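Enquirer: The structure under discussion is supplied below as structure tokens; questions concerning it will follow.
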Amino acid sequence: MSDACILHEIETLEARRIAELAAAAREARSQILTPVAEAELGEPRPARGEHHPAGALAFAEGAAYRALREAIEGLPADIRRKLWAVMHTGCGDYARGDWTEALIAADNLSDESLVSELTEEIDLHDKLMKGLYAIGAAEPPSPPA
């Protein structure tokens with residue numbers, strides 16, 4: 001891959017907009033799950049590390065999730081493909097040099113599968129931001145204060 005920009009500015013802006021909507025949907029989900037006691041879910045306590053017993057549950061059907069889904073569905077198909085590739089780069093499935101391979105993999109999925117995979121990914125915000133950083137389309141995250 002040459003040093004040419006992988007994503008155009010408008011595509012980067014769309015990816016950031018989707019990432020922010022995903023963060024809002026995740027926050028809405030977290031607010032719903034906060035009062036759920038771990039004992040109510042019947043999950044065994046983890047051996048170590050932080051654990052939210054409802055972490056594997058999907059997004060709640062609410063306004064934030066609908067906004068995320070509508071925004072993703074409203075994107076042109078080629079930008080959805082690139083968004084999928086950015087997400088998979090962000091989770092380590094592909095590297096910057098594998099961009100063409102990631103797009104080919106996205107081409108092999110139906111549009112319905114792309115939308116479904118994007119909208120059902122709980123960590124979509126984090127994966128998109130990591131992916132944007134990995135391909136050189138975002139600044140590194142600032143350290144916590």
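Enquirer: Take Ile32 and tell me if it is surrounded by fewer than 11 Cβ atoms within 10 Å (Cβ to Cβ) and modelled with pLDDT under 90.
Expert: So Ile32 fails the test.
Enquirer: Another one. Any idea which residue in the stretch 100-128 is farthest from Leu75 (Cα to Cα), counting only those that are without any contact (Cβ under 8 Å) to a residue 24 or more places away in the chain and part of a helix (DSSP H, G or I)?
Expert: The extreme case among them is Glu101.
The values are calculated or read from the model by the stated rules, or taken from the named source; none is laboratory data. None of the values given here were measured: they were computed from a predicted structure. Cβ sites come from the backbone with ideal geometry, for glycine too, and all protein chains shown count toward neighbours.
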